[in-house]
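*Asks:* Can you read through this structure? Questions will come right after.
The values are calculated or read from the model by the stated rules, or taken from the named source; none is laboratory data. Not measured: the values here are computed from a predicted model. Here the Cβ positions follow ideal geometry from the backbone for every residue, glycine too, while neighbour counts run over all protein chains shown.
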Amino acid sequence: MKNLAGYIRNIPDFPVKGIQFKDITTLLKNGELFAEAVDYLYDPFRDKEIDKIVAIEARGLIFGAALAYKLNVGFVPIRKPGKLPAEVVREEYDLEYGKDSIEIHRDAIEAGDKILIVDDLLATGGTAAACCRLIGKLDGEIVGLSFLIELTELNGRKLLKGYKVFSLISFPF
């Protein structure tokens, strides 16, 4: 395995002062590296029973769609409010300064569907935990969560206790 972490660019103070933004475009622009990252995200779930990939906007959609294709399963986007055209279910979550929310189409998941959640980054776990709650509202069963990057010092796994969580690349913060 190549050191994929070496292909992630750090952008200090973006989008606000104090944030160390992990820019994945430096990995994505290289077809071989992108394919390798998708293959490694695929490996822990290749033999699992999965009906759908649920991916979180925006950068999670990139990896989620690729994994859905590779696993030959359905793909469901989780989006910010106002981006999905049909009836939605919404879940709020806390940010450091305020609240945000995500939405999913009400008919995207059937009761008992086995779901793999995909996102590019696990930080505090707030968005991923909200995604888990959305899937629960629709009676889906979460097989696991898969992330390209995990910021380990932010302890996002704590909010995801009880779920199988896989991350490919770890950074302290």
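*Asks:* So is residue 54 under 16 Å from the mean Cα position of the chain (by Cα), farther than 27 Å from residue 171 by Cβ and not aromatic (Phe, Trp, Tyr) or not?
*Replies:* Numbers: under 16 Å from the mean Cα position of the chain (by Cα): yes; farther than 27 Å from residue 171 by Cβ: no; not aromatic (Phe, Trp, Tyr): yes.
When the stated conditions are applied, residue 54 does not pass them.
*Asks:* On to the next question. Are any residues in the stretch 39-58 surrounded by fewer than 18 Cβ atoms within 10 Å (Cβ to Cβ) and within 17 Å of residue 166 (Cβ to Cβ), and if so, which ones?
*Replies:* Across the stretch 39-58, the qualifying residues are 39, 40, 42, 43, 44, 46, 47, 48, 49.
*Asks:* Can we say residue 21 is touching a Phe, Trp or Tyr at 6+ places or on another chain (Cβ under 8 Å), modelled with pLDDT under 95, assigned to a strand (DSSP E or B) and not β-branched (Val, Ile, Thr)? I'd like the intermediate steps shown before the answer.
*Replies:* Values: touching a Phe, Trp or Tyr at 6+ places or on another chain (Cβ under 8 Å): yes; modelled with pLDDT under 95: yes; assigned to a strand (DSSP E or B): yes; not β-branched (Val, Ile, Thr): yes.
It is true that residue 21 is touching a Phe, Trp or Tyr at 6+ places or on another chain (Cβ under 8 Å), modelled with pLDDT under 95, assigned to a strand (DSSP E or B) and not β-branched (Val, Ile, Thr).
*Asks:* Still on this structure, please answer the following. How many residues does the stretch 66-79 contain that are of a type outside the set (S, T, N, Q) and outside any helix (DSSP H, G or I)?
*Replies:* Residues meeting the conditions: 7.
*Asks:* Hey, among the residues in the stretch 1-37 that are over 14 Å from residue 121 (Cα atoms) and of a type in the set (Val, Ile, Thr), which one's nearest to the chain's Cα centre (by Cα)?
*Replies:* Residue satisfying both the conditions and the ranking: 26.
*Asks:* Tell me, which residue of the stretch 114-144 that is assigned to a loop (DSSP other than H, G, I, E, B) and touching a Leu at 6+ places or on another chain (Cβ under 8 Å) is farthest from residue 66 (Cα to Cα)?
*Replies:* Among those residues, the one meeting the criterion is 124.
*Asks:* Does residue 149 meet the test of being surrounded by 14 or more Cβ atoms within 10 Å (Cβ to Cβ), more than 24 Å from residue 27 (Cβ to Cβ) and in contact (Cβ under 8 Å) with a residue 60 or more places away in the chain?
*Replies:* No: the conditions fail for residue 149.
*Asks:* Yes or no: residue 27 modelled with pLDDT of 95 or more, more than 24 Å from residue 109 (Cα to Cα) and surrounded by 15 or more Cβ atoms within 10 Å (Cβ to Cβ)?
*Replies:* Yes; evaluated as a whole, the condition is true for this residue.
*Asks:* Give the number of residues within the stretch 1-14 that are touching a residue at least 60 places away in the same chain (Cβ under 8 Å) and of a type in the set (Ser, Thr, Tyr). Spell out how you get there, then give the answer.
*Replies:* Residues of the stretch 1-14 touching a residue at least 60 places away in the same chain (Cβ under 8 Å): 4-5, 8.
Of the ones still in play, those that are also of a type in the set (Ser, Thr, Tyr) are none.
Qualifying residue count, the stretch 1-14: 0.
*Asks:* With the requirement that a residue be at pLDDT 95 or above, touching a Leu at 6+ places or on another chain (Cβ under 9 Å) and in a loop (DSSP other than H, G, I, E, B), what does the stretch 155-173 give you?
*Replies:* Listed by number, the residues that qualify are 163, 164.
Residues are listed down the side, and each one gets a yes or a no for (1) crowded, with 19+ Cβ neighbours inside 10 Å; (2) assigned to a strand (DSSP E or B); (3) without any contact (Cβ under 8 Å) to a residue 24 or more places away in the chain:
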{"position": "16", "(1), (2), (3)": "no, no, yes"}
{"position": "36", "(1), (2), (3)": "no, no, no"}
{"position": "60", "(1), (2), (3)": "yes, no, no"}
{"position": "64", "(1), (2), (3)": "yes, no, no"}
{"position": "91", "(1), (2), (3)": "yes, yes, no"}
{"position": "104", "(1), (2), (3)": "yes, yes, no"}
